[in-house]
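Notes to accompany the following structure.
The values are calculated or read from the model by the stated rules, or taken from the named source; none is laboratory data. Just so we're clear, the structure is a prediction, and the values are computed from it rather than from any experiment. In this analysis, Cβ positions are derived from the backbone assuming ideal geometry, glycine residues included, and neighbour counts consider all displayed protein chains.
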């Protein structure tokens, strides 16, 4: 999941070196935190959060097969 989220983010931004994804697994599920260069945050959030919602949907649908809840935070 971590690598998949990282690849999606890198397709959306110009500064690919600034993309960072951290993963933390707890009893509640898997927490993924995405950070990009400050000036490119809008590119991964999108107008009215549409891109962020789409990213979350894609990641969550892939995680259903693993039986875990996945949470995605964009910083």
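Scanning the stretch 41-75 for residues that are part of a loop (DSSP other than H, G, I, E, B) and over 10 Å from the mean Cα position of the chain (by Cα) yields a total of 4.
To keep it simple, each residue is scored yes or no on (1) modelled with pLDDT of 95 or more; (2) surrounded by 14 or more Cβ atoms within 10 Å (Cβ to Cβ); (3) in contact with a helix residue (DSSP H, G or I) (Cβ under 9 Å, 6 or more places away or on another chain).
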| residue | (1), (2), (3) |
| --- | --- |
| 13 | yes, yes, yes |
| 20 | yes, no, yes |
| 33 | yes, yes, no |
| 39 | yes, no, no |
| 52 | yes, yes, yes |
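Across the stretch 27-40, the number of residues qualifying as more than 20 Å from residue 4 (Cβ to Cβ) and part of a helix (DSSP H, G or I) comes to 2. Looking only at the stretch 54-75, which residues are surrounded by fewer than 15 Cβ atoms within 10 Å (Cβ to Cβ), in contact (Cβ under 8 Å) with a residue 24 or more places away in the chain and within 20 Å of residue 19 (Cα to Cα)? Matches in the stretch 54-75: 58, 73, 75.
Of everything in the stretch 1-26 that's touching a strand residue (DSSP E or B) at 6+ places or on another chain (Cβ under 9 Å) and outside any helix (DSSP H, G or I), which residue is farthest from residue 67 (Cα to Cα)? The residue in question is 19. Can we say residue 9 is under 9 Å from the mean Cα position of the chain (by Cα), surrounded by 14 or more Cβ atoms within 10 Å (Cβ to Cβ) and free of Cβ contacts under 8 Å to residues at least 24 places away in the same chain? No, not satisfied.
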